[in-house]
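Have a look at the structure below, then the notes.
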Amino acid sequence: MRIKIIIFFTILNFNIVNAETFLVDSNKIFKNLRCLICQGQSVADSNSEFAQTIKLVVRDQIKDGKSEKEIYDFLIEKYGEWIVYKPPLNKVNFLLWLLPYVVFVAGGAIIFLLFKKRENR
Amino acid sequence: MLTNIGNTLLFLNIFLGISIIYFSFQNLRNKKVLVSKNIYHICLFQSTFIIICFLTLVTGFIISDFSIITVYQNSHSLKPFFYKISGTWGNHEGSLLLWIIILTIFSFLFLLYNKNHPKNYRLYSLIVQNILILGFLSFLLFNSNPFSIILPTPKEGLGLNPILQDPALAIHPPLLYIGFVGSSIYFSAAIASLLTNYSGRLFAHSIKNWVLISWSFQTLGILAGSIWAYYELGWGGFWFWDPVENASLLPWFAMTALLHSLIVLEKRNLLYFWVIILCLLTFILSVTGTFLVRSGILNSVHTFANDPSRGLYILVFLSLMIFASVLLFFNKFKNSNYNLNSNSKETFILINNWFMIFYLITVLLGTIYPIFTEVLTDHKVSVGPPFYNTVIIPTVILFLFFMSVGPQAQWIKNKFHNLNLLFKILAASIFINFSIIYLFKSYSLISNFIIISAIFLVISSLIDLYKLFKTQKMDSSRVISHLAFGFLILFIGLNYNFSLEKDFNLKLGEREKFENYSVEFKDLRLEDFKNYKAVIGEFKINNSQKNLDQSLYPEIRIYENPSTITYEASIRSGLLKDYYITMSNIDRSDYYNIKFQKKPFMMWIWMSVIFISLGGFLRLFKNAKKDY
Amino acid sequence: MQKKIIKLSILLLIIFIIGVFFIGLNKNSIYDTKGLVGQKITKIKLDHFSKNKTITEEDLNKNNFTLINFWASWCGPCRDEHSILLKLNKEKNLKLLGVNVKDKKNNALEFLNDLGNPYDYLARDELGKHSVNFGIYGIPESILINKDLIIIKKFIGPISKNDYEYIKNIIRK
């Protein structure tokens, strides 16, 4: 019975979660772009000329119906990968994305093996 | 005159450091049981001199003695008194002196407080620690000497960067240094332990209070840095995964893992070599962090001014430290048999370590990866918040559940969990989450999981707290820290999902309306202050629904020494939320760019971290009462 | 044996990481969008400064080489490079396209009156949006392109004497 109640609430809970809006969020993009003339600030946080210009360009592209990925691709084409804070998945960066998960699995495996040893006695 | 005093004391301390090492080796070889008295005396002199040396530099700042190079480069006669003092450590050379003070004082105190432990272990700790001290002293004297003289004496200083003139930033380095510089002492103790085969429970007992001290202060230091970033840097965030922030977080992960493993070592005499690895790792990470931040190898918001020779020295020092400790460890490592039940407290502590190491490696990887891509492929990449958030956040869900269940587990073999209770807590968490969504608004799937698991941890900790209260056992430190951590994640999750950010351009007199809020640009005036001019804007914020009517006054400050412009956010901090406005001018236009933010629960985020650290201090005082 | 391999690999890994740090120390390069070199510029649509027309690829296709220079009257270093631009104007194989960025028309004209007009084509980018198409992030910046509109070199900051020699070598071949 208790399990049923929990399942009921769980389903209810997640049904309330709205479907993701499909509007491109300009603020999210600004936060993912580096202000190239600042020392470690995003376009969202910076007040510099460059940041203001990029904001205009990104807003225009959103109006033109470009997707988030298209906007990033455009900016990477013009300014290099350094401008985006989320490293795109490619030959150079795949290690960066892969290694943490490898470590996570390895850690779990080590702990698991520690018990295997005990069980085998 | 001050420079002479300072330099003399520094050279004296090098001599004292060498004599400590010499006398310690002598003492090791003789058959006496006790550490010889003159070693204590030399250590006392060492600490006294370095404190006087530091106070000399502080004096130089207070009286604005510009013949001292550090004072000249980082101060100005018009600077407010409090910031003249904090300017002492707000620069590379001065902060190195702070490093050395912590290294020295901890060295002496560790010697004093370990009288119940074997002489050779204590002496080797002292020797290794003094090697570290000598390393930093020579770095200071020969590369980054704050007491270098400038002739002729300049009439005025270059001033301290105005964004560093902030109370949170003033205490941030001292707090942080007691943290990760303090970890040097258990690095040295770990090496001493390997050399003298002094292991197990007794070793754990020797270092545990030091780990607690450094962990608690490190937590507070990180908090101070975040508070500074929030109030001062003007973007409304408190964590940016910037290399400097990561450099303070990496030792914290190692310390937290160490803190937990020490419990196992002390209680069950297991995991000795793992504890050693963590001891060595923490300080190695501290020095690595220092290297990354001061060498100029990484680009960051708040780096010190850069100088490649510094980087070279620190890297050489770091390499020697790493090779020496790794080779010694390989030499002394003995495989032990573990007899762990999969359902036991030991396992849950290992799980904590597993997650801590995972976070550590993720953050380390993200921070140094750009260096590798640039060196190996001539390609510049950025690794920022999206990377860290994507990798780390999902695992936090699991981590919070383990944190709730782990402490309940018993040693060696856990009796059957109270599954019933766990299900009830889970149901309650889901219900509360559902209520939040129903009453306010919904959020992403991941946020749901995070908030549910955070509430789960909070409820389990509250139940624990109640149980403790009933049985009148006063060991509340663990519960407080875990409870506070649950709250921290909860409030961060809620803050993230219920924040409102609006970026728009306004002219004086105009008003912007959005989502029941209206922001009116009411006034603009110019004011003169002691060391800057300010353009102050008045913004009236209204919310018809919430009966809100407040004014905020963001500023654009124009400083002369050094010539900088800063944007001061105007923040109205409330119990439930903060209102946050920054204003910046748009060149060649009458418009100002306004960023308005509503940030819920900021106060609670800060409070949660304070309570996490409080748990550490509580445990420390309890231990101190018991032992001394 | 297995233990020895593990120990050795850990040591090698540490040596590798420290080695990269050593090299990284010296490498610290200033960011420049040199990755653009070799790319072809497309979608050029710049408003002409005074006349009511647009400058597009067709205008630039005719030249053997074009130097696109981004400038403004309020930009100090732009004054420094101006004399070199005037010299470059005399080169036969090279045309200069000046893009006046985020500037007021009067100020720009005054600037050119005072210091001379080295540009064969003059365009304006009032909001600075078009300069993003060229990978510009600061002023002054210049791009040297050839007949096929392929970027040969980017110059960040004012054009120096060395840059001038470099350009001369390229266009005179």
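The values are calculated or read from the model by the stated rules, or taken from the named source; none is laboratory data. In this text the structure is predicted, and so the values were computed from the model without any measurement. Note that we place each Cβ from the backbone using ideal geometry, even for glycine, and neighbour counts take in every protein chain shown. Areas reflect the complete protein model, heavy atoms only, side chains present, ligands, DNA and RNA absent. Shrake-Rupley method; radii C 1.70, N 1.55, O 1.52, S 1.80 Å.
Which condition number in (1) in a loop (DSSP other than H, G, I, E, B); (2) away from every other protein chain (no Cβ under 14 Å) is the one that residue B:442 fails?
(2)
Please determine whether any residue of region B:499-509 is in contact with a helix residue (DSSP H, G or I) (Cβ under 7 Å, 6 or more places away or on another chain) and assigned to a helix (DSSP H, G or I).
Checking region B:499-509: not a single residue is in contact with a helix residue (DSSP H, G or I) (Cβ under 7 Å, 6 or more places away or on another chain) and assigned to a helix (DSSP H, G or I).
Answer yes or no: is there a residue in region A:104-116 that is more than 8 Å from chain B (Cβ to nearest Cβ) and under 19 Å from the mean Cα position of the chain (by Cα).
No: region A:104-116 contains no residue that is more than 8 Å from chain B (Cβ to nearest Cβ) and under 19 Å from the mean Cα position of the chain (by Cα).
Looking at A:62, A:37, A:16, A:83, which is the one that is modelled with pLDDT of 90 or more and within 8 Å of another protein chain (Cβ to nearest Cβ)?
None of the other options fit; the residue is A:83.
Please list, ordered by first then second residue, the pairs with beta carbon atoms under 7 Å, 6 or more apart or interchain, first in region B:347-365 and within 18 Å of residue B:241 (Cβ to Cβ), second among the aliphatic types (A, V, I, L, M) and open to solvent by 10 Å² or more (accessible area, probe 1.4 Å).
So the pair list comes out as B:358/A:103; B:359/B:392; B:361/A:103; B:362/B:392; B:363/B:249; B:365/A:99.
Would you mention how many residues in region B:147-161 are of a type in the set (A, V, I, L, M, F, W, C) and under 19 Å from residue B:53 (Cα atoms)?
Here the count works out to 3.
Scanning region B:593-615 for residues that are part of a strand (DSSP E or B) and surrounded by fewer than 22 Cβ atoms within 10 Å (Cβ to Cβ), which turns out farthest from the chain's Cα centre (by Cα)?
B:593
Counting just the residues of region C:69-112 that are out of contact with any Phe, Trp or Tyr (no Cβ under 9 Å at 6 or more places or on another chain) and among the polar types (S, T, N, Q), which one comes out nearest to the other protein chains (Cβ to nearest Cβ)?
C:106
Hey, could you check region B:285-299 for residues that are at the interface with another protein chain (Cβ under 10 Å from one of its Cβ atoms) and under 30 Å from residue B:194 (Cβ atoms) and say which is modelled with the lowest pLDDT?
Within region B:285-299, the match that is modelled with the lowest pLDDT is B:295.
Could you give every pair whose Cβ atoms fall below 7 Å, whose first residue belongs to region B:237-260 and is free of Cβ contacts under 8 Å to residues at least 24 places away in the same chain, and whose second residue is outside any helix (DSSP H, G or I) and open to solvent by 20 Å² or more (accessible area, probe 1.4 Å), counting only separations of at least 6 or pairs across chains?
Here the result reads B:245/B:239, each pair linking region B:237-260 to a residue that is outside any helix (DSSP H, G or I) and open to solvent by 20 Å² or more (accessible area, probe 1.4 Å).
When both residues are 6+ apart or on different chains and their Cβ atoms are under 8 Å apart, which pairs have a first residue that lies in region B:463-476 and is in a helix (DSSP H, G or I), and a second that is open to solvent by 100 Å² or more (accessible area, probe 1.4 Å)?
B:468/B:474
Can you work out which of the residues in region C:98-116 that are free of Cβ contacts under 8 Å to residues at least 12 places away in the same chain and surrounded by fewer than 18 Cβ atoms within 10 Å (Cβ to Cβ) is nearest to the chain's Cα centre (by Cα)?
Only one residue tops the list, namely C:109.
Considering only region B:59-177, give the helices (runs of 4 or more DSSP H) lying wholly within it that have at least 2 residues that are within 30 Å of residue B:33 (Cβ to Cβ).
In region B:59-177, B:92-113, B:119-142 are the helices (runs of 4 or more DSSP H) which contain 2 or more residues that are within 30 Å of residue B:33 (Cβ to Cβ).
Hey, which of the helices (runs of 4 or more DSSP H) in region B:300-413, taking only ones fully inside, have at least 1 residues that are modelled with pLDDT of 95 or more and within 12 Å of chain A (Cβ to nearest Cβ)?
It comes to B:345-377, B:385-405.
Consider residue C:50 against the criteria (1) in the same structural domain as residue C:95 (by TED's automatic domain parsing); (2) open to solvent by less than 80 Å² (accessible area, probe 1.4 Å): it satisfies all of them except one. Which criterion is unmet?
(2)
Take the conditions at pLDDT below 95 and at positive phi and apply them to residue B:235. Does it pass?
no
Is there a residue in region A:41-53 that is farther than 15 Å from residue A:86 by Cα, more than 9 Å from chain B (Cβ to nearest Cβ), among the acidic types (Asp, Glu) and open to solvent by 30 Å² or more (accessible area, probe 1.4 Å)?
No: zero hits.
Is there a residue in region C:59-68 that is in contact (Cβ under 8 Å) with a residue 60 or more places away in the chain, of a type in the set (Phe, Trp, Tyr) and not in a strand (DSSP E or B)?
Checking region C:59-68: not a single residue is in contact (Cβ under 8 Å) with a residue 60 or more places away in the chain, of a type in the set (Phe, Trp, Tyr) and not in a strand (DSSP E or B).
Which one is nearest to the other protein chains (Cβ to nearest Cβ), of the residues in region C:121-132 that are farther than 15 Å from residue C:66 by Cβ and in contact (Cβ under 8 Å) with a residue 12 or more places away in the chain?
Applying the filter and picking the extreme gives C:128.
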